[in-house]
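One structure below.
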Amino acid sequence: MARRFVLQPREPDLADARLTLDYAADLDPQQFAAATAGDGATLVVAGAGTGKTRTLVYRVAYLVETGVPPEQIVLLTFTRRAASQMLQRAAGLLDGRCERVRGGTFHAFCLETLRRYAERVGYPSRFGVLDQADAADVVDLARTRLGLDRLPKRFPKKRTLLAMFSTATNRGLEIDEVLAESYPQYAEHLDTIERLRRAYAEAKRRTGVMDFDDLLALTLDLLRENPDVRREVSTRIRHVLVDEYQDVNLLQADLVEQFQSTHGNVLMVGDDAQSIYRFRGADVGHILDVPKRYNGARVLKLEHNYRSTQPILDLANHVLEGAVEKYDKRLFTDREGGDLPALVAAPDDDMEARFVAQVVLDKREAGTALNRMAVLFRSGWCSYALEAELNRRKIPFVKFGGLKLTEAAHVKDIVAHLRVAENPADAVAWNRALRLVEGVGPTTASRLLDWISAAAEGGPGSAVHALQTSVDEVVPSPAVAESVGRLVAALSPLRDDALPPEQQVEQLLTYYRPVFERVYADDYLSREADLDAVVSLAARHRSRTALLESLALDPLDWTQEPADAALKDEPPLVLSTIHSAKGLEFDTVFLIHALDGVLPSAYALASSDEEDEERRLLYVALTRAETELYCSYPLVQYRRGTGQFLTEPSRFLSGLPESLIEPWSLVEEPTSPASVPVLPASAPRALPGPDGAP
């Protein structure tokens, strides 16, 4: 038999390609160089507001138009929405071929890979995926099984333990290193924590579930330890495109390298100056080390800013100059004019809040919509005084950083029942469903879980069937056995996943609604709309498996408080932590509590790395502003136990020349004007009295 020789696909002749789009005309020179870069490794250092998304969209179109099969292009982002919107825009530019590009999050792409090769990592193909709260519950169950549930109070709680495990996995550290760096108070419990981490891993394997970190770590193990799988996966990826590369952790950086291992074509877009998620495992070192990791990688820059005025960019550029490690770049714009940013010294928190509220009302009167203005801050507590002032003046606002829909307890209840139907060995889901049954406490739930775990070894559906026929053998109380029986009756029709997802949810709600009204008796009426939202969400998925994966990988935003009439009449003013505002832009930005000890945080001054991240955080805040920027701070603050104390402005803003930032001071208006005019930037700002009186 003749030996087979596999020919690689022919590389397109770019010189002869007939292009539909005029890339040089549609893009600025720096964007054009990035979008049309040749093969190999390329890093695009994209400054704030320089059109990185536009560049990636044109890159997708360019690759497709020059002959790369869409199915062999992978676009990795940090949200599913970002990938979807980019591919839709590319399709709008070119044609529907762009929508066949494989776009999504790292976790989603790894999940797809693991579904195909699950047996290689010791899992069934229908393994479950735990969200953060469920993963913490598995830690708790493992802790109970080890008899560690009665440890001293100073032993870390389940969410802290999970954070330790996650940090170790994402950053490639040992537990003792994590404790030394972030949790020194728990160093005496090192051996117990390591035992618990092993028990947590065993519990996940035993019950056929993975957490988010496993999706990345096990995919990386799969590719490293199975050359044939790595070859199969990477051969199907001609080009890897990565958005927000400054936010990758060690696992993600290593995965990108594995994905491009056959063809060697990877384009990474990011901004080292916007790397602000160290607490999530991101490491700015990965984007800084691209030239070392990819020998010969080209580094391109996007510096033409299309968002802000030059005075705002000059301040942002200056702040960034102080960073120890960075890619040198200088943002510029074609926009003419613009006021200098203001550094506003307020006597106290109350005066700072009154200043912001007054300027907001002035600008609103002049025609700037409330939702085109944002108040940013380092931590949530910084806005408390302002929130009270906005409420007093009846200025509608929304504060970013609330719950996710899937983090609401009543929604998690429904998801737990669906997960039991999907994977009867899922002990965490069973535990939640059982604990909702009237009369089932921790002891009964634990006994039932042991019994279910043994029964589940008989295959899919065996646990539900066993409960259906023999629950009274495990639960001696007839009333409790009857309640458990109702749970089993609700789950039985869902075992084979034959019904559409929305019908499965509706059937579950028939059982769950009385439970819901009992468990959340105080406020179930305010929660009911969420149950309808889950039904609507289910209707958008073709299967229960797809629904559960969507809920785990891409939870929807949820606002804790419903909008009042004012919010419905007018889009509200935005209040947000700086972290939550990344990627957004506003006509006017107020950065409040720009204090030393707050920004930078007092806890971040131990190392240059941490101080640099605080500097980048300020850079992100400044570059959200398009036209006007106000940085304010109270001169006096109150601290419980010590009383009032004098403050200092952020060291990143202190002592700057007035050509970069203009100092403002606030004075009380001696009269009570009907309206307060906007004063020139060089003048002190006048404020009416707290109630409009002198």
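The values are calculated or read from the model by the stated rules, or taken from the named source; none is laboratory data. Every value quoted in this text rests on a predicted model; they were computed, and no experiment measured them. For neighbour counting, all protein chains shown are included, and Cβ atoms are generated from backbone atoms with ideal geometry for every residue, glycine included.
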So residue 336 fits all but one of (1) over 30 Å from residue 533 (Cα atoms); (2) crowded, with 17+ Cβ neighbours inside 10 Å; (3) touching a helix residue (DSSP H, G or I) at 6+ places or on another chain (Cβ under 9 Å); what number is the exception? (2)
Lone unmet requirement of (1) surrounded by fewer than 21 Cβ atoms within 10 Å (Cβ to Cβ); (2) assigned to a loop (DSSP other than H, G, I, E, B) for residue 232: (2)
Somewhere in the range 237-257, is a residue surrounded by fewer than 20 Cβ atoms within 10 Å (Cβ to Cβ) and free of Cβ contacts under 8 Å to residues at least 12 places away in the same chain? no
Just checking, how many residues over the range 70-116 are farther than 14 Å from residue 214 by Cα, of a type outside the set (Lys, Arg) and out of contact with any Cys (no Cβ under 7 Å at 6 or more places or on another chain)? 26
Of everything in the range 407-439, what is closer than 21 Å to residue 124 by Cα and not in a helix (DSSP H, G or I)? Give them in sequence order. 423, 424, 425, 426
Taking the stated definitions as given, is residue 101 of a type outside the set (Asp, Glu) and over 21 Å from residue 60 (Cβ atoms)? no
Would you be able to say whether some residue in the range 195-204 is outside any helix (DSSP H, G or I), in contact with a helix residue (DSSP H, G or I) (Cβ under 9 Å, 6 or more places away or on another chain) and not assigned by the TED database to the domain that holds residue 55? no
For the range 591-694, which strands (runs of 3 or more DSSP E) that fit wholly inside it have 1 or more residues that are of a type outside the set (Ser, Thr, Tyr) and at pLDDT 95 or above? 625-634, 662-668
Counting only residues that are under 21 Å from the mean Cα position of the chain (by Cα) and part of a loop (DSSP other than H, G, I, E, B), which one in the range 127-167 is surrounded by the most Cβ atoms within 10 Å (Cβ to Cβ)? 130
Condition test on residue 412, is it touching a residue at least 60 places away in the same chain (Cβ under 8 Å), surrounded by fewer than 23 Cβ atoms within 10 Å (Cβ to Cβ) and not assigned by the TED database to the domain that holds residue 645? yes
For the range 479-491, state whether one or more residues are modelled with pLDDT of 80 or more and in contact with a Ser or Thr (Cβ under 8 Å, 6 or more places away or on another chain). yes
A careful count of residues in the range 33-52 that are more than 16 Å from residue 272 (Cα to Cα) and polar (S, T, N, Q) gives 1
Taking the range 264-284 and keeping residues at pLDDT 95 or above and in contact with a His (Cβ under 8 Å, 6 or more places away or on another chain) leaves 265, 266, 267
In the range 242-295, anything among the polar types (S, T, N, Q) and part of a helix (DSSP H, G or I) is listed as 246, 252, 258, 274
Pairs please, first residue from the range 293-316 and over 22 Å from residue 27 (Cα atoms) and at pLDDT 95 or above, second anywhere and in a loop (DSSP other than H, G, I, E, B) and of a type in the set (Gly, Ala, Ser), Cβ atoms under 7 Å, 6+ apart in sequence or on different chains. 311/338; 312/338
